[in-house]
Every structure is written in structure tokens, then in C-alpha cells.
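Structure, as C-alpha cells:
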Amino acid sequence: MIKYEETCDVTCTDNGKTVTAEVMNFRQADGLTVVIATNKIIMKYNKKHDEYVGSMHGMEFTSKGPKFYDIKQGRQR
């Protein structure tokens with residue numbers, strides 16, 4: 001089972017600033033929705049650059065998405 005973190009880093013390509021955003025919805029290699037200071041940003045996956053891209057208020061935002069962990073379940077031998 002794969003567990004994703006509830007936050008991820010989002011970078012504004014216009015000014016180069018990076019902030020930690022809360023993840024609302026995430027579908028790997030499809031879409032990412034994050035919240036930054038009560039503003040919701042919907043991001044789509046860009047396969048060429050392997051990142052998620054979205055815009056808000058005329059600014060572009062990018063993210064690699066949330067970090068993930070592979071959790072093993074069941075009996076360990």
C-alpha cells in the first residue's frame with residue numbers, strides 16, 4: 001500500500017518562491033489540488049517535465065506532488 005503525505009512543496013515560477021501547501025486531492029500522474037492560504041489551486045500533470053502545473057491570479061505554480069511511502073502489510077517473514 002502506498003501512503004501519500006498531506007502536504008507538498010509548491011513553487012511560483014514567476015517569483016521563484018516555494019511554500020508548503022495542504023493537499024486536498026491527489027491522483028498520481030493525473031491531477032493535484034492544493035490549498036495555499038485559503039486559495040485552491042487545481043494542477044494538471046505535465047508528463048514532459050514530470051510535475052504538476054496550475055495557475056491562479058495570473059501566476060503559474062508547479063509541484064512534484066506529495067512524497068509517498070510504500071507500506072508493507074500482512075505477515076513479515
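The values are calculated or read from the model by the stated rules, or taken from the named source; none is laboratory data. All values reported here derive from a predicted model rather than from experimental measurement. All Cβ positions, even for glycine, are placed from backbone atoms using ideal geometry, and neighbour counts span all protein chains on display. Please note that ligands, DNA and RNA were not included when accessible areas were found on the heavy atoms of the full protein model with its side chains. Shrake-Rupley method; radii C 1.70, N 1.55, O 1.52, S 1.80 Å.
GluC sites (Glu not before Pro) within the chain: which are DSSP loop residues with at most 14 other Cβ atoms inside 10 Å?
Glu5, Glu6
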Legend entry - Cα point-scatterer Debye curve for the chain, base-10 log of I(q)/I(0) at q = 0.12, 0.14 Å⁻¹: -0.35, -0.45
Legend entry - region 38-77, dipole about Cα centre (Lys/Arg Cβ +1, Asp/Glu Cβ -1), debye to the nearest 20: 360 debye
Legend entry - Net charge dipole size for the chain [Lys, Arg +1 and Asp, Glu -1 on Cβ; Debye, nearest 20]: 460 debye
Legend entry - Accessible area (Å², per residue) of the chain, counting only protein heavy atoms and a probe of 1.4 Å: 77 Å²
Inset, instruction - Return the FRET efficiency for the residue pair Gln73, Gln28: r is the Cβ-Cβ distance, R0 is 30 Å, and the value is rounded to the nearest 0.05. - result: 0.95
Inset, instruction - For the pairs Lys3/Lys44; Lys48/Lys72; Lys17/Lys72; Lys40/Lys72, note any where the Cα-Cα span goes beyond 26 Å. - result: Lys48/Lys72; Lys17/Lys72; Lys40/Lys72
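What order do Phe68, Phe26, Phe61 take when sorted by accessible area (1.4 Å probe), most exposed first?
Ranked list, largest accessible area first: Phe68, Phe26, Phe61.
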Inset, instruction - Would you mind calculating the gained length between Lys47 and Asp9 on full extension (0.36 nm times residue separation, minus the Cα-Cα distance), in nm to one decimal? - result: 11.8 nm
Legend entry - Sites Ile2 and Ile36 - FRET efficiency at Förster radius 22 Å, r taken between beta-carbons, to 0.05: 0.35
Inset, instruction - Would you mind telling me which residue in Val35, Val23, Val53 has the biggest mean-square fluctuation in a Gaussian network model of the chain, where springs connect alpha carbons within a distance under 10 angstrom? - result: Val35
